[in-house]
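The values are calculated or read from the model by the stated rules, or taken from the named source; none is laboratory data. These numbers come from a predicted model, not from an experiment. As a convention, Cβ positions derive from the backbone with ideal geometry for all residues, glycine included, and neighbour counts pool all protein chains shown. Protein only, heavy atoms only, side chains kept; ligands, DNA and RNA dropped before computing areas. Shrake-Rupley method; radii C 1.70, N 1.55, O 1.52, S 1.80 Å.
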Amino acid sequence: MVTRKTVWIGTNWKMNKGPAEALAAAEALKAYRAPDGVKPFIITPFTSLQAVASVLKGADVLVGAQNMHWEESGSWTGEISPGMVKECGADIVLIGHSERRQHFAETDWTVSRKMSAALRHGLRPLLCIGESLEEYDFGVTAETLSRQLKIALHDVAHADLPNILIAYEPVWAIGAGGRAADTDCVAKVHAGLRAVLCEIAGKDIGDRVPLLYGGSVTQDNARSYVSQPNVDGVFVGRAGWSVPDFEKLIERVIEERAPA
Ligand code: PGA
């Protein structure tokens, strides 16, 4: 049974939707009224960030970027600065998605720098962490996540921690070849992440950092994750790319929710 915690439900469009398609999706989401206690968000490609954020300004659906550089400006060809992301109207910025770590050499060190840069610009960083299949097989999931978390949050003021989002996304669970993690396994991992957050910042703050699960989340399994005590939402790819699917996913998560 899902209790009345705030539930974050977001979708990462990844390298999908050109400007016209993204704008049409934003227009379709504009009138969407999020159920009480649910915070929906979409993470759009840079090419439509400004247009999508402008359509969804003041709407219930928050908007985020998929990445950013940590520096304010300079000779960084192909990169986008935190100030640019903010100026486009984004609320959220994705940091350290496993596809960036795997294919674009994103490291714990760059992730760490981006975290504080995002907060400096008033953006809400959505930090993605997750173990690879090898790390999972060697039984070092907890150690891997603890390392990723401690480095990413090293320069973040404790008072800022409730303003970030963390998504646990096992690399082996993401994408077409992935398999969704067992609910029990997610519950255990999230309890461990909560313990690390409390160790870093104390219980009062550690308990208030939203922890999302991501990786092959579907309309059928989303609610089982969100029903776990330390799971404050889901972060999806494929299951949220179409607007009707995204809205349906939210509906399925809050089905049978405990009365307020
Ligand atoms: P998926 O992607 O839901 O398509 O597995 C998840 C993610 O990359 O966040």
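How much length, in nm to one decimal, is gained on full extension between Glu21 and Ala157, taken as 0.36 nm per residue of separation minus their Cα-Cα distance? Write out the running numbers ahead of the final one.
Details: separation 136, 0.36 × 136 = 48.96 nm, distance 3.83 nm.
Extending this stretch completely gives an extra 45.1 nm.
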Three-way shape call for the stretch 89-214 based on the alpha-carbon gyration tensor, with the a/c threshold at 1.5:
oblate
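When a/c is below 1.5 the answer is rounded, else prolate if a/b is larger than b/c, else oblate, so apply that to the stretch 1-141 with a ≥ b ≥ c taken from the square roots of the Cα gyration tensor eigenvalues.
The shape class here is oblate.
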Using 0.36 nm times the number of residues separating Ile205 and Thr47, minus their current alpha carbon distance, what extension gain do you get?
53.3 nm
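Cα-Cα pairs above 11 Å in the stretch 45-92: how many percent?
64 percent
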Greater than 23 Å apart at Cα, pairs in Lys39/Lys86; Lys57/Lys203; Lys17/Lys150
Lys57/Lys203; Lys17/Lys150
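So which chymotrypsin sites (Phe, Trp or Tyr not before Pro) in the stretch 102-159 pass both tests, a DSSP loop state and at most 16 other Cβ atoms within 10 Å of the Cβ?
Working: sites: Phe104, Trp109, Tyr136, Phe138; in loops: Phe104, Phe138.
Counting only loop positions with at most 16 other Cβ atoms within 10 Å, the chymotrypsin sites (Phe, Trp or Tyr not before Pro) in the stretch 102-159 are Phe104, Phe138.
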Let me make sure I get this right: for the chain, a, b and c are the square roots of the gyration tensor eigenvalues over alpha carbons, sorted descending. Under 1.5 in a/c it's rounded, otherwise prolate if a/b > b/c, else oblate. Which is it?
rounded
If a helix is a whole DSSP H run, which ones in the chain reach 20 Å or further along their own axis (Cα) and hold a mean Kyte-Doolittle hydropathy of at least -1.0?
183-201
How large is ³J(HN,Hα), in whole Hz, for each residue of the stretch 157-168 in order, when computed from phi with the Karplus curve 6.51 cos²θ - 1.76 cosθ + 1.60 and θ = phi - 60°, using x for Gly and Pro?
5, 4, 5, 7, 4, x, 8, 10, 10, 10, 10, 8
The chain, dipole about Cα centre (Lys/Arg Cβ +1, Asp/Glu Cβ -1), debye to the nearest 20
460 debye
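Could you tell me the relative contact order of the stretch 42-195? Use alpha-carbon pairs under 8 Å, at least six residues apart, and round to a whole percent.
Numbers: 224 pairs, mean separation 28.6, N = 154.
This gives 19 percent for the stretch 42-195.
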Got a sec? What order do Lys5, Lys30, Lys57 fall in by accessible area at 1.4 Å, biggest, i.e. largest, first?
Lys57, Lys30, Lys5
If amide hydrogens are placed 1.01 Å from N in the peptide plane, which non-local residues have theirs closer than 5 Å to the one on Ile95?
Leu126, Leu127, Cys128
Residue with peak Gaussian network fluctuation, the chain [Cα springs, cutoff 10 Å], from Met68, Met115, Met15:
Met15
Euclidean distance between Cα centres, the stretch 184-235 to the stretch 6-30, Å:
24 Å
Can you work out ³J(HN,Hα) from phi for every residue in the stretch 122-136, in order, using Karplus 6.51 cos²θ - 1.76 cosθ + 1.60 and θ = phi - 60°, giving whole Hz and x for Gly and Pro?
x, 9, 8, x, 10, 7, 9, 10, x, 8, 6, 4, 4, 4, 4
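At 0.36 nm per residue, minus the direct Cα-Cα distance, what do Ala191 and Ala176 gain on full extension? Give it in nm, one decimal, please. All intermediate terms of the calculation are to be shown ahead of the outcome.
Numbers: separation 15, 0.36 × 15 = 5.40 nm, distance 2.72 nm.
Between Ala191 and Ala176, full extension yields 2.7 nm more.
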Label-point separation (nm) for Ser227 and Glu143, each offset 7 Å from Cα along Cα-to-Cβ?
3.4 nm
